[in-house]
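K.L.:
Structure provided below as structure tokens; questions to follow.
Where a number appears in this text, it was derived from the coordinates with a stated rule and is not lab data. Just so it is clear, the structure is predicted and the values come from calculations on it, not from any experiment. Cβ coordinates were reconstructed from backbone atoms using ideal geometry, including for glycine residues, and neighbour counts include every protein chain displayed.
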Amino acid sequence: MTYSIPDEGLAVGHIAELFDGIQGEGVFAGYHHAFIRFAGCSLGCRYCDTEYAQVRDRPLLILRSGRTVVKQIANPVDDTIIARELESLLDTTTSINAISITGGEPLEQPRFLRAVLKSIETFELPVLLETNGVEFENLDQVLDLIDLISADIKLPSTSGRDDLWERHEAFLNAARYKQVAIKMAVDESTQPEEIERAARIIRATTDEAPVFLQPVTDAAGAITISYRHIMDLCDVCAVFNSDVRVMPQIHKILGSP
Ligand code: SF4
């Protein structure tokens, strides 16, 4: 089974949002980032906090701090539009220190993603790729333009998918020579066996990548896992991985969606 959507081969594609805000996850958490959120994702996870970005048929929203919409642009767009809007965003802020490419799933539009990455090289900022960690076939098209990859491992308990283990392993193998961080969303239903299986894959495929256990936040903003349970999961992961961290999504604690 393949999860990739055929790419058009042109430097046009679908973007859901371009905005700035506090990076709420992973090794860059707490920094002010510019975000380019690609539209479209075919995984359909049970837990998804960006369902609006799973589809490609909405306009691109340009937002500013506080998530105020300042402009809408019809999709598809070309990479020069993204570079222009990003330049405008960077001109109005001083503390943005990196660009996060997120989604949706950016690697479902690999040629367009490459075009966007080439267009934004001029800003000379580190680029973080946030990905669901399954599109291994497309990763090599952009590896040279990415500084850090934040890859998910989708656990069956929180994603509803039990068919992605081999794709995650292939992805981490493909990313082996880049700086990688791993994220796993966990809740009270997450089983130690899932964590162990993921931890073994991470140990076999990465050079001691940091592993972030990320408690799922519900629609009301509440953490959906007990402190005791996440500590137990942390213990399981730490048997196989030397750098395990528990980190809630801090942008949500700060009031961002
Ligand atoms: S991979 Fe991410 S964007 Fe896609 S459905 Fe899952 S959580 Fe949502």
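K.L.:
I want to check a number: in the chain, how many lysine pairs have alpha carbons closer than 27 Å, given a sequence separation of 8 or more or different chains?
P.N.:
Taking the chain as the scope, the lysine pair count is 8.
K.L.:
The stretch 205-257 to the stretch 130-188: how many Å between their Cα centroids?
P.N.:
16 Å
K.L.:
Can you sort MET247, MET231, MET184 so the residue with the fewest Cβ neighbours within 10 Å comes first?
P.N.:
MET231, MET247, MET184
K.L.:
Here's a follow-up. Return the calculated 222 nm mean residue ellipticity for the chain, to the nearest 500 deg cm²/dmol, obtained by summing -39500 (n - 2.57) across DSSP H runs with n ≥ 4 and dividing by the residue count. It would help to have the intermediate numbers written out before the result.
P.N.:
Details: 8 runs with 72 residues, N = 257.
Computed ellipticity for the chain at 222 nm equals -8000 deg cm²/dmol.
K.L.:
What is the local net charge at VAL216, summed over the other residues whose Cβ is closer than 13 Å to its Cβ (Lys, Arg +1; Asp, Glu -1)?
P.N.:
-2
K.L.:
By how many nm would the segment from ARG67 to THR92 grow when fully extended, if each residue of separation counts as 0.36 nm and the alpha-carbon distance is taken off? Please list the in-between numbers first.
P.N.:
Working: separation 25, 0.36 × 25 = 9.00 nm, distance 1.48 nm.
Between ARG67 and THR92, full extension yields an extra 7.5 nm.
K.L.:
Follow-up. Could you size up the charge dipole of the chain around its Cα centre, putting +1 on the beta carbon of Lys and Arg and -1 on that of Asp and Glu, and report it in debye to the nearest 20? Let's see the in-between values first.
P.N.:
Working: 23 positive and 39 negative charges, 84 e Å.
It comes to approximately 400 debye.
K.L.:
Further question: Trypsin sites (Lys or Arg not before Pro) within the stretch 148-257: which are DSSP loop residues with at most 13 other Cβ atoms inside 10 Å?
P.N.:
Qualifying residues, ordered by number: ARG176.
K.L.:
Here's another thing I want to ask about it. Name all residues of the stretch 140-183 having a backbone nitrogen under 13 Å from the label point set 7 Å from the Cα of SER189 along its Cα→Cβ direction, giving them as ranges.
P.N.:
Answer for this model: 155-162.
K.L.:
Full-extension gain between LEU254 and ALA238, please, as 0.36 nm times their residue separation minus the C-alpha to C-alpha distance.
P.N.:
2.9 nm
K.L.:
Would you order HIS168, HIS229 from fewest to most other beta-carbon atoms within 10 Å of each residue's own beta-carbon?
P.N.:
HIS229, HIS168
K.L.:
Could you work out which residue, out of ASN132, ASN97, ASN241, moves most in a Gaussian network model of the chain, that is, has the largest mean-square fluctuation with Cα springs under 10 Å?
P.N.:
Per the Cα network of the chain with a 10 Å cutoff, ASN97 tops the list.
K.L.:
Hey, another quick one. In debye, nearest 20, what is the charge dipole magnitude of the stretch 78-194 about its Cα centre with +1 on Lys and Arg Cβ and -1 on Asp and Glu Cβ, if you could check?
P.N.:
About 260 debye.
K.L.:
How much length is gained if the chain between ARG46 and LYS118 is pulled fully straight, taking 0.36 nm per residue apart and subtracting their Cα-Cα distance, in nm to one decimal?
P.N.:
Details: separation 72, 0.36 × 72 = 25.92 nm, distance 3.35 nm.
Full extension of this stretch gives 22.6 nm more.
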